[in-house]
Amino acid sequence: MRRIKITFRVLAFLIVGLFLHYVLPQHDIVQVSQAEPRRTDFGSFNRLFYAQADSGSSELENRDIFYIFTEKKQTFLLGFVPRDSTEVMVYRNEDTGWIWPPYFKFDSSNLHGQATAQARKDASSEGGNWAVVTHYGWRIPFLSIFPNAVALNPVEGPDVRIIPWFNIFFFGFLGAAILFIRAMWRQFRERSVDPLLDAAGDQLDEVQAGVAERKGRFTRWMDTWRSKDKKKLPPE
């Protein structure tokens, strides 16, 4: 039973961790090389990883989606430790609207124009065309799944340090909320649940005592009949 509980907790932790890793904002330092719309067909699985159609558009089996092609600076430890090498990274650029996740993004066309202007900058000039892309989601090439860019901000170079303030405050708030809920649950259990369990245990003990007493009476009554039967037996 203990192993089942541990397995369940580990699975729950992994599911929550993957969910938060997908929906929380991440920041990549990139050089934008191209930005263009492409007609995209959705499969039965990867459709879940695309946002809804842009605000004011109809939901179709396929539609044009803005993509941003970049060279991303590689990092260690979820982006906290930068490396000197780069890798290709492609982002989609879709409105999230009022639904999920709650980024309330309605300006994918504006972001496309900003990415196009960023791509036109001379990458070989001083400072290059480096920018910070804020996004959520994952890049899974064999499933054609792309992270969704929600913001693009030019920076002076690839060595800029990005501090994820939102994630820091979010996890701080989440930890405080968990401690608060845990304290409330302990007080509720001490005041309401434990007395009910104690009362139920007392009632169960009383019931078991009553059953044992009735069983003892029945056993004594049966013993009286056994003794009478022994008296009626003729001597051998």
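The values are calculated or read from the model by the stated rules, or taken from the named source; none is laboratory data. Quantities reported herein were computed from a predicted structural model and do not represent experimental measurements. Cβ atoms come from the backbone with ideal geometry, glycine included; neighbour counts cover every protein chain shown. Calculation scope for accessible area: heavy atoms of the full protein, side chains included, ligands and nucleic acids excluded. Shrake-Rupley method; radii C 1.70, N 1.55, O 1.52, S 1.80 Å.
With respect to the conditions (1) loosely packed, with under 14 Cβ neighbours inside 10 Å; (2) modelled with pLDDT under 75, residue 10 falls short on a single one, namely (2).
Scan segment 154-170 for residues that are of a type in the set (A, V, I, L, M, F, W, C), within 30 Å of residue 71 (Cβ to Cβ) and open to solvent by 70 Å² or more (accessible area, probe 1.4 Å) and report the count. Please lay out each step first, then the result.
Initially, segment 154-170 is screened for residues of a type in the set (A, V, I, L, M, F, W, C), giving 155, 160, 162-163, 165-166, 168-170.
Then keep just the ones that are within 30 Å of residue 71 (Cβ to Cβ); that gives 155, 160, 162-163, 165-166, 168, 170.
Of the ones still in play, those that are also open to solvent by 70 Å² or more (accessible area, probe 1.4 Å) are 163, 165-166, 168.
Summing the residues that are of a type in the set (A, V, I, L, M, F, W, C), within 30 Å of residue 71 (Cβ to Cβ) and open to solvent by 70 Å² or more (accessible area, probe 1.4 Å) in segment 154-170 gives 4.
Scanning segment 125-133 for any residue that is of a type outside the set (Val, Ile, Thr), in contact with a Gly (Cβ under 7 Å, 6 or more places away or on another chain), touching a residue at least 40 places away in the same chain (Cβ under 8 Å) and on the phi < 0 side of the Ramachandran plot turns up at least one such residue. For segment 130-153, how many residues are over 16 Å from residue 32 (Cβ atoms), open to solvent by less than 50 Å² (accessible area, probe 1.4 Å) and over 19 Å from the mean Cα position of the chain (by Cα)? Matching residues across segment 130-153 total 0. Against the condition assigned to a loop (DSSP other than H, G, I, E, B), within 30 Å of residue 157 (Cβ to Cβ), at pLDDT 90 or above and not hydrophobic (A, V, I, L, M, F, W, C), how does residue 91 come out, does it pass? No, not satisfied.
Is one or more of the residues making up segment 183-196 over 25 Å from the mean Cα position of the chain (by Cα), assigned to a helix (DSSP H, G or I) and modelled with pLDDT under 70?
Yes, that holds for at least one residue.
Report yes if some residue within segment 98-118 is open to solvent by 30 Å² or more (accessible area, probe 1.4 Å) and β-branched (Val, Ile, Thr); otherwise report no. Yes, the conditions are met somewhere in segment 98-118.
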